[in-house]
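Just below is one structure, and these are the notes that go with it.
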Amino acid sequence: MMNNLNNSQTIGPFSFSTVPHVLCEPGAAKQIGSQVAQRFPTARRALIVTDAGFLKTGLVDAPIASLRAANLSVSIFSDVVADPPEAVILQAVADARSKEIDLVIGLGGGSSMDVAKLIAVLAGSEQDLKSMYGIGNVKGGRLPLVQVPTTAGTGSEVTPISIVTTGETTKMGVVSPQLYADLAILDATLTIGLPPKVTAATGIDAMVHAIEAYTSRHKKNPLSDMLARQALGLLANNLVAACEDGKNLAARQAMLFGALLAGQAFANAPVAAVHALAYPIGGIFHVPHGLSNSLVLPHVLRFNAPQAAHLYAELAEIVAPQATGSAEARTSALIDTLETMAQQVGIETRLRQVGIAESDLDRLADDAMLQTRLLTNNPREITRADARAIYAEAL
Ligand SMILES: NC(=O)c1ccc[n+]([C@@H]2O[C@H](COP(=O)([O-])OP(=O)(O)OC[C@H]3O[C@@H](n4cnc5c(N)ncnc54)[C@H](O)[C@@H]3O)[C@@H](O)[C@H]2O)c1
Ligand SMILES: [Fe+2]
């Protein structure tokens, strides 16, 4: 793999933050009790935040037993739903307060981990959730927070971001350093039952995090670049294997690690137009986050290519190493490979397949333009007409 940090390159000013401890090992969730006891010896009452789907797998039993063996009492909040609305968060916070919880554990996909973050900051705070939206608006501290992802996708275990569904269809982000967890645990045994389509969509979400971090307009930095490249290699090389055989533990652990690295990258070099255009698809049509991203990915990359081909060509060396020729040619090879991968793993590739019609495109374009936090990071400026044209290409 080419080293993109050449030694004569000037290192521009940048800052970088991440979660201080990562434990990466199949079976590691069984150590959660000893981990917590060692790091937070005064914690007594843990809250596990998950959703009903994951609870049903029975995979919460081992971490619960491990926490109890370390003398912690354990409560479970399992009412998280995909793309969590404000009401769910407020209910969870009330629950945590009434039980005098002193440690929060997110155990699930991005939705559960995002709710866990907000419980940790809200449970001991007077601040209103509504005043937290945006960047840097959380005041005060939080309860100890451990994140255990069960999808290899969002990287939420290492990001300072929580995404909340605020209205009928709109999503907003709380982005604050307090949302970085104390510890992230990557245990592939928790992901072996993740259905192939969810594996595919969440895995492509992680690939998008790496790609968009690498081309992020204002905060692209050499550490995020290294992480994004390493992430993309792991994800691209293991996605199909993890979809074809969910029990392939090596592929599953590699996917979890790739998703974490991509999360570290985009926590510091934020995502852009793929996510901005994906959010309305999820919000209005209830399409899962990863799939929404995957549907618009190739079309946004083609739109961005006039400005970003030199960077996409560098990523092509990782995803489509056989590609040669100009930066434009290698960019095309990257996009073609990503499209082929989406077909191989059997997820929908056209907006029509998820119930979207031509008559919906204006509304999608209007909503996408509201995602100014994300659009500002895109390597090429996007007008409303551009957004509509990209959706039309994806139809
Ligand atoms: N905080 C961030 O940095 C960040 C980044 C990207 C996305 N997000 C948010 O994360 C959410 C999406 O998260 P997600 O894609 O991980 O999906 P999810 O958490 O919504 O879970 C999707 C489905 O998978 C099931 N599931 C999860 N793990 C499973 C397992 N191991 N076995 C069987 N079933 C399992 C769940 O029950 C659920 O039905 C969205 O709300 C999105 O906006 C957050
Ligand atoms: Fe994402």
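Descriptive notes on the structure:
- Every condition in (1) within 26 Å of T372 (Cα to Cα); (2) away from ligand 2 (no atom under 16 Å from the Cβ); (3) in contact with a helix residue (DSSP H, G or I) (Cβ under 7 Å, 6 or more places away or on another chain) is met by A69 except one, and the failing one is (1).
- Of all residues making up the stretch 43-75, the number that are of a type in the set (V, I, T), over 23 Å from the mean Cα position of the chain (by Cα) and within 12 Å of I101 (Cα to Cα): 1
- Evaluation of S294 against (1) away from ligand 2 (no atom under 16 Å from the Cβ); (2) under 25 Å from the mean Cα position of the chain (by Cα) (one fails), failing number: (1)
- First in the stretch 7-18 and surrounded by 10 or more Cβ atoms within 10 Å (Cβ to Cβ), second anywhere and among the polar types (S, T, N, Q) and not in a loop (DSSP other than H, G, I, E, B), Cβ under 7 Å, 6 or more apart: F16/N268; S17/N268; T18/Q264
- Some residue of the stretch 258-276 being in a helix (DSSP H, G or I), more than 16 Å from ligand 2 (Cβ to nearest atom) and either out of contact with any Phe, Trp or Tyr (no Cβ under 7 Å at 6 or more places or on another chain) or closer than 17 Å to L232 by Cα (or both): no
- Within the stretch 27-45, the residues that satisfy the criterion of being outside any loop (DSSP other than H, G, I, E, B) and either closer than 22 Å to T189 by Cα or modelled with pLDDT under 95 (or both) are A28, A29, K30, Q31, I32, G33, S34, Q35, V36.
- Condition check for N304: closer than 16 Å to A228 by Cβ, of a type outside the set (A, V, I, L, M, F, W, C) and within 16 Å of ligand 1 (Cβ to nearest atom): no
- The strands (runs of 3 or more DSSP E) falling completely within the stretch 125-182 that include 3 or more residues that are within 14 Å of ligand 2 (Cβ to nearest atom) and either over 13 Å from the mean Cα position of the chain (by Cα) or more than 29 Å from C243 (Cα to Cα) (or both) map to 171-175.
- Checking every residue in the stretch 103-123 against the condition of being β-branched (V, I, T) and within 13 Å of ligand 1 (Cβ to nearest atom) gives at least one match.
- Residue list for the stretch 283-306, filter: of a type in the set (S, T, N, Q) and touching a residue at least 40 places away in the same chain (Cβ under 8 Å): N293, S294, N304
- Number of residues in the stretch 183-204 that are crowded, with 24+ Cβ neighbours inside 10 Å, of a type outside the set (A, V, I, L, M, F, W, C) and more than 16 Å from ligand 2 (Cβ to nearest atom): the value is 2.
- Residue among Q353, Q343 that is out of contact with any helix residue (DSSP H, G or I) (no Cβ under 9 Å at 6 or more places or on another chain), without any contact (Cβ under 8 Å) to a residue 40 or more places away in the chain, away from ligand 2 (no atom under 16 Å from the Cβ) and closer than 22 Å to A200 by Cβ: Q343
- Selection status of A269, over 15 Å from A213 (Cα atoms), aliphatic (A, V, I, L, M) and modelled with pLDDT of 95 or more: no
- Of all residues in the stretch 141-156 being within 9 Å of ligand 1 (Cβ to nearest atom) and of a type outside the set (G, A, S), the one that is nearest to A200 (Cα to Cα): T151
The values are calculated or read from the model by the stated rules, or taken from the named source; none is laboratory data. Bear in mind the structure is a predicted one, so any value in this text is a computation, not a measurement. Virtual Cβ from ideal backbone geometry, glycine too; neighbours counted across all protein chains shown.
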